[in-house]
Amino acid sequence: MRKVATIIFILTLSGPGTIAAAAAPKTADKPWSLDDVVDRVITNENRANQQIKQYSPLVETYIQNLRPDKELGYVPAGDKYFLGRADFAKGVSLVSLTDTNSKGKKIIGSIGNFFSFAIQFLPDGFLQMIFIDTNGFDKQHYKFDYVRREFLGEVRCLVFDVTPQDKSGMGRFLGRIWVEDQDFNIVRFNGRYTGEGHSSYYFHFDSWRTNVQPGLWMPSFVYSEERELRYALAKKLDFKGQTRLWGYNLGHTAQEQELSKMFVEGPVQDDTKTANDLTPVQAQRSWDRQAEENVADHLERIGLMAPRGEVDKVLEAVVNNLEVTNNLDIQPEVRCRVLMTTTLESFTLGHTIVLSRGLIDVLPDEASLATVIAHELGHVALGHRIGSNYAFFDRVLVEDKNTFRHFYFARTRAEEQAASAKGFQFLNNSPYRNQLGNAGLFLAALQSRQKEIPNLISAHLGDLVRVIADLKTAAPADARQNPQMLAALPIGGRVKLDPWFDKLDLIKSKPLGTNAEQEKMPFEVTAFMPYLTRFGSEASKPITISAAKQQSLKNNQH
């Protein structure tokens, strides 16, 4: 693996086709020329196309169809969801985790009806958007025009417009690329593939890569959008979509660190002063704990659950607030974990409360988060268990594609009602009891959007977010009377994702001014604008718990 070069450029166009390098020129007496830079970009991009074949990341695509709205511009009108694992060794190929019954090519969904041509969303098509061109990205097929320098986060980039050469063929990329100025890797490209036809449509997209290791930039985020794309007898298509990739280094780093730590520490002495056998109750608790740990470990190993981190601690701080104010002493202690997925769901694994990343993303404040956690804490307090047979380790050894079929942690209707009642009791005794109007507003908005975005408000492993009737009555009559009141945030409003280590951190965001109604966008898809950093920089390190708490859903911020 190549090391990051320490070349620092002060770029100026010092003459036709040249770029001056003040600190470290290409040679002792010759600066980098535009041709030199373009050659390096092409070489790196073609190398990156080969490097990615050794990885099999998880790929998640979520699409919202749009319809015009007089007051809000465009609002969701249907959605599609896909989760699978990439298999680059076989080209641009995906193995679905969310649909194990389909035959042939997987289709996310279609637009149209039986009597008209329909546009079909193919997951492979959205995955293709992580590549500029895998069949001839070179000067014979493309023209490169230097535009300017620009910072993406803390990474300084050279910006080029890329245009296919005449007669270079269909499916070539047309748009703009951003090239980091140390090793000349492409870190972002924005545009579309060229060529139109009756059977294929090329969507516009904005594709981002992150520096996951020294010198290694991997595809991480793709935003796609079309407005009034005409097809099939003048029909129009409007949609926005997000594609996320993660799980490039599943489990390897954590295992190596644990093994290294064990050898560094040396032999461990058993400090137990007594050797009492467990009582039957203690034995059952230990058996149940083993079951939940087996499930959590399996989900983490395949990339569906994030490793323990700072977001878990923020969630557990809310659990602690509920426990202390309700005089609860639950043993074993309650822990929190986060699913990596966008769909909004929550459930319990014994004494482990699990929330999806997407759910945490859209919660507008800490009181709303506490409402969801209180419901799940109700399940824990009432002793609602998972199947203890998961304590047999072979019960969790299933293929990735069968995960959603094999594991299912939804509760019965009676258990859900009992947990809601218990959760509402916990909230009334908690520090959040005077903020439940906001939580009620969130739950009301969630219920009102279920018809428009059913695939987002769905559950693959657990339960839908439950609407507590008592909280809905506490919601303000009309949130629009207060421009600062947010029923819910857009997707991606809280949590940022590290695609290499699968770590989750809360987004460091600044308070915004008054939100126009069109800027609130509850549960909606927005463009990606990640703050790019170089691997190992201070900005790329996880935020501390104190910083996390300062941003732990206490303010109505994006």
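The values are calculated or read from the model by the stated rules, or taken from the named source; none is laboratory data. All of these numbers come straight from a predicted model, not from anything done at the bench. Because the Cβ atoms are built from the backbone with ideal geometry, glycine has one as well, and the counts that use them run over all protein chains shown. Accessible surface is based on the protein model in full, side chains and every heavy atom, while ligands, DNA and RNA are left aside. Shrake-Rupley method; radii C 1.70, N 1.55, O 1.52, S 1.80 Å.
Against the criterion of being under 30 Å from Thr533 (Cβ atoms) and at pLDDT below 95, Arg192 qualifies. Scanning the range 375-384 for residues that are in contact (Cβ under 8 Å) with a residue 24 or more places away in the chain and not in a helix (DSSP H, G or I), which turns out nearest to His351 (Cα to Cα)? So the residue we want is His384. Within the range 133-163, the residues that satisfy the criterion of being open to solvent by less than 30 Å² (accessible area, probe 1.4 Å) and not in a loop (DSSP other than H, G, I, E, B) are Tyr142, Leu152, Val155, Cys157, Leu158, Val159, Phe160, Val162. Applying a threshold of 7 Å to beta carbon distances and a minimum spacing of six or more residues, or different chains, the list of pairs starting in the range 176-197 at a residue that is small (Gly, Ala, Ser) and ending at one that is not in a strand (DSSP E or B) reads Gly195/Met170; Gly195/Gly171; Gly195/Tyr202. Which residues, taken from the range 392-426, are within 18 Å of Met305 (Cβ to Cβ) and either of a type in the set (Asp, Glu) or part of a helix (DSSP H, G or I) (or both)? Scanning the range 392-426 gives Phe393, Arg395, Val396, Glu399, Asp400, Lys401, Asn402, Thr403, Phe404, Arg405, His406.
Residues in the range 157-189 that are touching a His at 6+ places or on another chain (Cβ under 8 Å) and on the phi < 0 side of the Ramachandran plot: Pro164, Gln165, Ser168, Arg172. The set of residues in the range 385-415 that are of a type outside the set (Lys, Arg), under 15 Å from Thr348 (Cα atoms) and surrounded by 13 or more Cβ atoms within 10 Å (Cβ to Cβ) comprises Ile386, Gly387, Ser388, Tyr390, Phe407, Tyr408, Phe409, Ala410, Glu415. Could you tell me whether the range 456-477 includes any residue that is modelled with pLDDT of 90 or more and more than 30 Å from Asp181 (Cα to Cα)? Yes - at least one qualifying residue is present in the range 456-477.
Determine whether Ala418 is among the small types (Gly, Ala, Ser), open to solvent by less than 10 Å² (accessible area, probe 1.4 Å) and either in contact (Cβ under 8 Å) with a residue 60 or more places away in the chain or in contact with a His (Cβ under 9 Å, 6 or more places away or on another chain) (or both). Taking the combined requirement at face value, the residue does not satisfy it. Sub-7 Å Cβ pairs linking a first residue in the range 337-354 that is touching a residue at least 60 places away in the same chain (Cβ under 8 Å) to a second residue that is open to solvent by 10 Å² or more (accessible area, probe 1.4 Å) and hydroxyl-bearing (Ser, Thr, Tyr), at least 6 apart or interchain, are Thr343/Tyr81; Thr343/Ser458, ordered by first then second residue.
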